[in-house]
1. Can you list the HN-Hα couplings for the stretch B:29-46, worked out from phi with the Karplus curve (6.51, -1.76, 1.60; θ = phi - 60°), rounded to whole Hz and with x for Gly and Pro?
2. How high is the relative contact order of chain B, given as a whole-number percent (alpha carbon pairs under 8 Å, six or more residues apart)?
3. Taking loop as defined by DSSP and a crowding limit of 14 other beta carbons within 10 Å, which chymotrypsin sites (Phe, Trp or Tyr not before Pro) in the stretch A:325-414 fit?
4. Inside 10 Å of the C-beta atoms of A:32-40, what's the mean count of C-beta atoms belonging to other chains?
5. Using only the alpha-carbon atoms of the stretch A:193-345, report the extent along each of the three principal axes, biggest first, to the nearest angstrom.
6. Sorted by packing (mean other beta-carbon atoms within 10 Å per residue), highest first, where do B:40-47, A:265-272 land?
7. Enter the accessible area of A:I251 (Å², nearest 10), with the probe set to 1.4 Å and all protein chains included.
8. Which loop GluC sites (Glu not before Pro) in the stretch A:174-267, with loop taken from DSSP, have no more than 13 other Cβ atoms within 10 angstrom of their Cβ?
Amino acid sequence: MATATTAPNITDPSLYLEGIPHERFAEMRNTPGIVWHPYNDGGFWAVTRHADTKTVSKNTATFSSAVGHTNLWDLEADALEARRSLIDTDSPDHTRLRRLIARAFTPKNIRRWEDTVREITVDVLEEFMEKGSGDFVAEVAAPIPIRVILTMLGVPVKDAGYLVELSNYLVEGTGETQSLPADAFGNTTELRLLPFNSPASHALFEYGEALGEQRRNEPQDDLVTTLVQAEAEDGDRLSGSEYRNLFHLLIFAGNETTRTALSHGAMALADHPDQWARVLADPELIDSATEEVLRWSTPVLHMRRTTTEETELAGTKIGAGEKVVMWYASANRDESEFENPFKFDVGREHNPHFSFGGGGAHLCLGAFLARLEIIVLLQEMAKRGLSLNRTGEPVRAPSNFVHGVLSVDMEVAK
Amino acid sequence: MSDLVKLKVDTEACIAGGQCEMIEPDTFLVDDDTAIASVIGTGSLPVDRAAEVIDRCPAQAISIVNSDSE
Ligand code: HEM
């Protein structure tokens, strides 16, 4: 069994302040078998190669999302149950839930929101261009996804500010410190029973429930209406807890991740002016550039599974009930899958990146929405001949889970 | 020219991930109402492209129609 005791600890959040520890991941990819990595009192199997990630992701019967937790740490059974959303289920629950809402996220139904996404993007981008410089995260990358998802859900404009505030508290919950008292927003639920242990989750649940109730009585052309009306042929519907956790998941999953992709995308294009020049000369490259931005940014660094039985992976024996962690950040730089993985190449032809998951059933529900947001931003930048310069170092999030950028100063190139 | 194979979608397994339609838009369509993919056009692809789209399906719902049985 290969053990990593002296090597850098890839779960140490502070390591990520300097960026992804790519050298350590490369060593692990080149170590035969699967590396055991210590974590708290136990540890996990660190899956770092593209091919092994795919095997784990696709074999949901052996590598479960419903047992333990899909994050590194375990949750107690009652907390897991109270916090369970689509992402922590196995089939048949997963298939059932996913099919109830999949309709809203098909490629064609997402394209119906293109005008909305474009309007928001143009609004935000033109304001940044007028100023000429600023923090790209706060001014562009953060507002676009949250405004898009709130509009799609049907949250009235007057409440958007409040929901943005709540979602920012959740993002804080993925870091080390929380600034909210346990009883904030009138919360009385034990924090460990709430997503991100955050009282802001309680407020989001309450808001989602009120909005759902309203849409049940007065349906609108929005996602909340789709969710409350979702009904299978056999009359199956979302339960109250399923609805509330899904409303919450959509706000979080559709927000922080896309923000990260847009931030790293803008940084990559500023840092590789030759690549942005290619896109400006040939806007047909925007689709492949978008996939490359996704691979390059890998907003979600890893997801965890737990084995339901004894198994073998890459020749390593893995017992039942053990943690297996797929490091998407490593799979996306696997030299045996990607040609020149450390080159940012907007025309990359073979690009089966795992930024939306490793190819199995939990494939990101919002993948086509996230793609649309990146595509539209690149299109609108290209249309205006807008190039960006980076004027400062990014401030990175101290997180082993999200590849977050807290701020990065950029200016409009003259 | 490589051989063509005919493909089918297991409608019970499909979760409307949309990968098939993204990779092979002339062969697959996700229905907007039912959110289930089906085969359109000739429903056939060269062997290598068929293997790719089968591999990329998150729900393992795409397979080759066995010409002996159908
Ligand atoms: C660039 C942006 C995004 C990235 C990188 C991303 C990444 C991911 C990843 C890696 C997973 C798989 C989790 C696993 O393997 O267990 C996932 C699942 C999910 N994502 Fe995203 N996501 C993004 C945007 C979005 C958006 C915009 C939405 C919603 C509007 C969304 C909603 C979801 C949901 C609901 C799931 C759970 C799917 C399931 O378990 O079946 N995501 N996402």
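1. Values, residue by residue: 9, 8, 5, 5, 8, 8, 6, 10, 7, 9, 7, 10, x, 6, x, 10, 9, x Hz.
2. Numbers: 114 pairs, mean separation 31.0, N = 70.
Reported as a whole number, the value is 44 percent.
3. A:F342
4. That works out to 0 on average.
5. 54, 49, 36 Å, listed from the longest principal axis down.
6. Details: B:40-47: 14.8, A:265-272: 19.8.
Highest-to-lowest ranking by the protection proxy: A:265-272, B:40-47.
7. Ignoring ligands and nucleic acids, A:I251 comes out at about 0 Å².
8. Answer in residue order: A:E176, A:E190, A:E233.
The values are calculated or read from the model by the stated rules, or taken from the named source; none is laboratory data. Bear in mind that the values here come from a model prediction, so they are computed numbers and not experimental data. Cβ sites come from the backbone with ideal geometry, for glycine too, and all protein chains shown count toward neighbours. All accessible areas refer to the heavy atoms of the entire protein, side chains included, with ligands and DNA or RNA removed. Shrake-Rupley method; radii C 1.70, N 1.55, O 1.52, S 1.80 Å.
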